[in-house]
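Take a look at the structure below.
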Amino acid sequence: MILLTFDMVDTYQKLLMHDINQLYPLPEKSYVKVFEKLKLKRLKRGKTLKHPGETDRASRYLCEGFIGSYKFNGDQHSLFMVFKPKDIVFDERSFRSGVPSDTLIKCITDVVFYEFSRDSEQELLDENPDFVKVAHKISLRINERSSHVFELSKKKLDAGYREFVRMFPGLEPEITNEDLGAFFRVSRRTVERFKHDLKNFDL
């Protein structure tokens with residue numbers, strides 16, 4: 001794990017506070033308890049956050065970079081969900097139920113995120129009714145975001161590619177053709193041909 005400077009920590013705290021206040025304004029003093037329970041982490045591309053067969057015991061507020069969630073499709077794990085900054089990253093069913101799952105969660109790029117354990121979340125919800133309201137707002141946003149990404153993944157590559165690039169700015173140079181193909185349910189070779197044709201067309 002890479003060390004974070006004081007300025008970085010300050011920047012990410014302000015990002016989180018501003019984002020939450022857009023959903024449900026909280027007094028600044030409320031964030032003291034929040035940050036006491038959060039762990040700020042900076043990890044390199046390819047790092048696994050949850051292995052298949054494990055229970056996801058933490059949620060993650062993504063500050064920087066992109067993370068992927070991969071489902072087992074019979075012979076390998078394939079990308080089906082992409083998380084971008086301000087998203088909550090977790091295997092929600094496993095996190096809520098405490099039951100292990102086959103889902104793999106790993107960093108597509110270098111990332112920075114706040115990690116929040118299930119126990120810490122429950123403690124905050126028990127301590128302050130305002131946090132229950134915040135959690136509800138966040139849950140609604142999670143569902144909305146997941147729905148948008150899922151609808152995009154159902155499109156064909158040629159119809160959805162440019163929207164994908166707009167939805168996840170900065171990801172296109174980083175994501176592998178294999179992951180991009182899995183997201184749009186096509187082969188890696190199909191992605192390679194598509195990009196080659198797109199490059200020639202743009203020229």
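The values are calculated or read from the model by the stated rules, or taken from the named source; none is laboratory data. Small disclaimer: the values here were computed from a predicted structure and weren't measured. For neighbour counting, all protein chains shown are included, and Cβ atoms are generated from backbone atoms with ideal geometry for every residue, glycine included. In case anyone asks, the SASA skips ligands and DNA or RNA and just uses the protein heavy atoms, side chains included. Shrake-Rupley method; radii C 1.70, N 1.55, O 1.52, S 1.80 Å.
Listed values, structure above:
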| read-out | value |
| --- | --- |
| Any hit, segment 47-69, residues being touching a residue at least 24 places away in the same chain (Cβ under 8 Å) and under 15 Å from Gly181 (Cα atoms) | yes |
| Of the criteria (1) over 28 Å from Leu43 (Cβ atoms); (2) free of Cβ contacts under 8 Å to residues at least 24 places away in the same chain, which one Asn143 fails | (1) |
| Qualifying positions in segment 154-181 - within 15 Å of Arg193 (Cα to Cα) and β-branched (Val, Ile, Thr) | Thr176 |
| Per-region count, segment 140-151, residues open to solvent by less than 90 Å² (accessible area, probe 1.4 Å) and either in contact with a strand residue (DSSP E or B) (Cβ under 9 Å, 6 or more places away or on another chain) or part of a loop (DSSP other than H, G, I, E, B) (or both) | 5 |
| Single residue of segment 96-130 satisfying the filter (without any contact (Cβ under 8 Å) to a residue 40 or more places away in the chain and of a type outside the set (S, T, N, Q)) that is most open to solvent (accessible area, probe 1.4 Å) | Arg96 |
| Positions within segment 162-178 being modelled with pLDDT of 95 or more, surrounded by 12 or more Cβ atoms within 10 Å (Cβ to Cβ) and of a type outside the set (Val, Ile, Thr), in sequence order | Glu163, Phe164, Met167, Phe168, Gly170, Leu171, Glu174, Asn177, Glu178 |
| Hits in segment 21-52 - residues which are in a loop (DSSP other than H, G, I, E, B) and open to solvent by less than 50 Å² (accessible area, probe 1.4 Å) | Leu26, Leu38, Gly46 |
| Residue in segment 17-40 that is more than 20 Å from Asp130 (Cβ to Cβ) and free of Cβ contacts under 8 Å to residues at least 40 places away in the same chain present | no |
| Residues being open to solvent by less than 20 Å² (accessible area, probe 1.4 Å) and not in a loop (DSSP other than H, G, I, E, B) - total across segment 84-95 | 3 |
